[in-house]
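Peer 1: One structure follows; several queries about it will come next.
The values are calculated or read from the model by the stated rules, or taken from the named source; none is laboratory data. Computed from a predicted structure; not experimentally measured. Quick reminder, even Gly has a Cβ in these numbers, built from the backbone with ideal geometry, and neighbours come from all protein chains shown. These accessible areas exclude ligands, DNA and RNA; they are computed on the full protein's heavy atoms, side chains included. Shrake-Rupley method; radii C 1.70, N 1.55, O 1.52, S 1.80 Å.
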Amino acid sequence: MAEASWYVVHTYSGYENKVKMDIEKTIENRRLHDEILEVSVPMQDVVELKNGVRKTVAKKMFPGYVLINMVMNDETWYVVRNTRGVTGFVGPGSKPVPLSPDEIAALAAPEGPVLVDFEAGDTVMVIAGVWEGTVGVIASINEGKQSVIIHVDMFGRETPVELGFDEVRKM
């Protein structure tokens, strides 16, 4: 028996979970457990920060795509390709290309970034640390460091201060 590989299937936007459920039903009905091993819609936990409240939300890593671990043959290709909501396999022409081991390893990604509800120019209140209670204006946002630089008034002069996302709240 041929070895299973991971393939990427393109779907209509928003149909990823429906496609996953339909393929899983077809696996049951046609008894393809040995040929289509797993259907996955990769999710990533993203921390959102709104009004100073942290909330972890699961978001699709690849909207419009579904990953399938399967043995590629005419029957499995036909089943997946003809599932409602599937527009095709990812690959040149009509030939599906399996993911490489490096690409599969990259999918085991760490926790996602923090999404914030403020932007440069917004007025914020510092809610933690030595600057707690201070009001300032956001000069810049560094998503990589998950910090903001705000300008605060100190001794009559505007002074830049770097703070973490969780230390400020939009006013």
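Peer 1: Are there any pairs, at least 6 apart or on different chains, whose C-beta atoms fall under 9 Å, with the first in segment 120-134 and in contact (Cβ under 8 Å) with a residue 60 or more places away in the chain and the second in a loop (DSSP other than H, G, I, E, B), and if so, which?
Peer 2: Matching pairs, first to second residue: Ile127/Gly52; Ile127/Gly133.
Peer 1: Could we say that Glu132 is outside any loop (DSSP other than H, G, I, E, B) and either open to solvent by 70 Å² or more (accessible area, probe 1.4 Å) or within 16 Å of Val39 (Cα to Cα) (or both) here?
Peer 2: Numbers: outside any loop (DSSP other than H, G, I, E, B): no; either open to solvent by 70 Å² or more (accessible area, probe 1.4 Å) or within 16 Å of Val39 (Cα to Cα) (or both): yes.
No, not satisfied.
Peer 1: Which of the strands (runs of 3 or more DSSP E) contained wholly in segment 1-106 include at least 3 residues that are farther than 30 Å from Glu119 by Cβ and of a type in the set (Ser, Thr, Tyr)?
Peer 2: 5-11
Peer 1: Could you tell me which residue of segment 135-156 is nearest to Leu49 (Cα to Cα), considering only residues that are touching a Pro at 6+ places or on another chain (Cβ under 7 Å) and assigned to a strand (DSSP E or B)?
Peer 2: The residue in question is Ile149.
Peer 1: Something else: Being β-branched (Val, Ile, Thr) and crowded, with 16+ Cβ neighbours inside 10 Å is the filter here, so list the residues in segment 47-80 that pass it.
Peer 2: To start, the set of residues in segment 47-80 that are β-branched (Val, Ile, Thr) comprises 47, 53, 56-57, 66, 68, 71, 76, 79-80.
Val47, Val66, Ile68, Val71, Thr76, Val79, Val80 - these are the residues of segment 47-80 that are β-branched (Val, Ile, Thr) and crowded, with 16+ Cβ neighbours inside 10 Å.
Peer 1: Here is a further query. So His10 clears everything in (1) open to solvent by 40 Å² or more (accessible area, probe 1.4 Å); (2) under 30 Å from Ser147 (Cα atoms); (3) in contact with a Ser or Thr (Cβ under 6 Å, 6 or more places away or on another chain) except one condition, right? Which one?
Peer 2: Among (1) open to solvent by 40 Å² or more (accessible area, probe 1.4 Å); (2) under 30 Å from Ser147 (Cα atoms); (3) in contact with a Ser or Thr (Cβ under 6 Å, 6 or more places away or on another chain), the lone unmet condition for His10 is (2).
Peer 1: Pairs only if they're at least six apart or on different chains, beta carbon under 6 angstrom, first in segment 22-36 and touching a residue at least 60 places away in the same chain (Cβ under 8 Å), second open to solvent by less than 30 Å² (accessible area, probe 1.4 Å); list them, first residue then second.
Peer 2: As it stands, the answer is Asp22/Thr83; Ile23/Val39; Ile23/Thr83, since those pairs meet every condition given.
Peer 1: Looking at Phe165 and the list (1) among the aromatic types (Phe, Trp, Tyr); (2) more than 20 Å from Glu35 (Cα to Cα); (3) open to solvent by 70 Å² or more (accessible area, probe 1.4 Å), which single condition is not satisfied?
Peer 2: For Phe165, the failing item is (3).
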